[in-house]
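Report on one structure; see the data block that follows.
Here, each number is a calculation from the coordinates, and none is a lab measurement. Keep in mind that this is a model prediction, so the values were computed, not measured. Cβ sites come from the backbone with ideal geometry, for glycine too, and all protein chains shown count toward neighbours.
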Amino acid sequence: MEENTWYDIFIELLQERYPKSSQLISELMNLLCIEREAAYRRVKKTVLFTVDEMAKIAAAWNISIDEIIGINSGVVPFQMFPFNYLNPTPKEFGNLQKRVRLLDHLKATPSSEYMEVCNKLPRPVSIGFHNLYRLEVFNWAYQYNNDESQKLFSKVVFSKKISEEFENYRKNIVHVKNTSFILDEMIFEYIVNNILYFHSILVITDEEKEIIKSELYAFLDYMMKIANNGCYPETQNKVDLYISQLCIDTNYSYYYTEKLKTCRIHAFGKFDITSLDAKMVANFREWMNLKKRAAIQISEVNEKRRIEYFSAQRKIVDSL
């Protein structure tokens with residue numbers, strides 16, 4: 001078979017999405033409803049994907065035609081991934097599993113990066129605190145979900161399979177070799193104000209408020225460990241913690257490895273608007289790191305500022 005440059009690019013894009021060959025083959029089998037051997041032949045280029053198959057893959061995996069044929073139209077592809085955290089559809093849950101599985105390779109990637117600029121608790125940390133993550137999902141459900149049965153904090157209950165995926169994400173994310181968080185200085189004020197409002201309209205009870213309060217203290221203790229040592233306690237992987245001196249309007253983040261390059265804007269509370277475009281990820285990486293110019297690093301250095309920051313946040317939580 002003749003060498004086909006655009007087809008080579010297409011195969012490379014698939015391998016970027018799923019660096020492990022076995023996983024790529026499995027995903028192609030599921031998406032295209034083909035046998036394992038047929039999937040192998042397409043990846044090995046002994047048989048070409050049909051136009052219909054390529055269109056289906058491109059739509060499902062957010063691959064643009066520009067990327068495939070190697071032109072630059074100036075249009076950057078972004079895709080929103082809505083997800084109902086309480087009652088996900090099979091497709092939504094499948095997308096969640098794929099995203100978590102993509103992080104498996106972080107353990108063997110020596111130069112991996114993750115950065116999040118936050119006006120709420122950073123997901124890699126908050127997901128390890130059950131009631132704080134419930135609060136985040138409840139905040140989303142109360143504002144953006146039409147199901148009236150989920151307008152009480154007590155009704156926010158994760159299924160076993162969702163909880164397992166959250167735990168898999170938490171276990172994977174601490175294996176990123178270099179992580180940076182830039183926090184809005186007002187995060188804990190935002191959280192406490194939300195809790196007080198929800199408590200005032202009786203959708204969070206006195207007992208639930210105290211449970212959340214205790215987890216906020218535990219979260220601060222954990223973040224203090226990270227800030228003191230400059231790393232995740234579980235893996236000793238590098239974590240830099242910054243406090244922004246400017247208001248942060250929304251959460252945004254990126255992953256960056258040789259095989260996985262993704263940037264995300266976190267919209268409507270819990271939805272991710274994602275791009276896998278390499279140039280856009282490079283731009284995100286540059287822009288987000290420039291945010292450090294208007295932020296104060298409190299991990300490892302600046303002990304006085306670090307102590308003052310965490311003491312101030314504990315006082316805010318005290319007000320609950």
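Given (1) 22.3, 78; (2) 21.4, 71; (3) 19.8, 58, which label gives Rg and Dmax of the Cα atoms in Å as computed from the coordinates?
Matching entry in (1) 22.3, 78; (2) 21.4, 71; (3) 19.8, 58: (2).
Can you give the FRET efficiency for ALA267 and SER21, using 1/(1 + (r/R0)^6), R0 = 22 Å, r = Cβ-Cβ distance, to the nearest 0.05?
The calculated FRET efficiency here is 0.05.
Considering Cα pairs under 8 angstrom that are at least six residues apart, work out the relative contact order of the chain and quote it in whole percent.
21
Greater than 19 Å separation of Cα atoms is the criterion. Which listed pairs, LYS171/LYS279; LYS98/LYS160; LYS98/LYS261; LYS171/LYS209, meet it? Each step should come with its number before you reach the end.
On the way: LYS171/LYS279 29 Å; LYS98/LYS160 17 Å; LYS98/LYS261 15 Å; LYS171/LYS209 28 Å.
In this structure, LYS171/LYS279; LYS171/LYS209 exceed 19 Å between Cα atoms.
Using the number of other C-beta atoms within 10 angstrom as an exposure proxy, rank VAL239, VAL47 with the fewest first.
Working: VAL239 27, VAL47 14.
Ordered by Cβ neighbours within 10 Å, fewest first: VAL47, VAL239.
Taking springs between alpha-carbon atoms closer than 10 angstrom, which of SER22, SER126, SER163 fluctuates most in the Gaussian network model of the chain?
Residue with maximal mean-square fluctuation among SER22, SER126, SER163: SER22.
Given a 10 angstrom Cα cut-off, can you work out which residue in LYS44, LYS259, LYS98 is the most mobile in a GNM of the chain?
Looking only at LYS44, LYS259, LYS98, the biggest GNM fluctuation is shown by LYS44.
How do ARG17, ARG42 rank when sorted from fewest to most other Cβ atoms within 10 Å of their own Cβ?
The most exposed by this proxy come first: ARG17, ARG42.
At 7 Å along the Cα-to-beta-carbon direction for both LEU320 and TYR217, put a label point, then send me their distance in nm to one decimal.
1.0
For a paramagnetic label modelled at 7 Å from the Cα of LEU31 toward its Cβ, which residues of region 159-177 fall within the zone defined by backbone nitrogen distances under 15 Å?
Backbone N within reach: none found.
Toward the positive end of the charge dipole of region 167-320, about the Cα centre and with charges on Cβ (Lys, Arg +1; Asp, Glu -1), which of THR274, PHE284, ILE182 goes farthest?
It is PHE284.
Given a Förster radius of 45 Å and the C-beta distance between LYS259 and ILE201 as r, what FRET efficiency does 1/(1 + (r/R0)^6) yield to the nearest 0.05?
That pair, LYS259 with ILE201, gives E of 0.45.
Between helix 206-229 and the chain, what is the angle of the helix's C-alpha long axis to the longest principal axis, kept within 0 to 90° and rounded to the nearest 10?
Long axis of 206-229 versus the principal axis of the chain: about 70 degrees.
Which value in nm describes the separation of the simple spin-label points at GLU308 and SER154, placed 7 Å from the Cα toward the beta carbon?
Placing both labels 7 Å along Cα→Cβ, they lie 4.4 nm apart.
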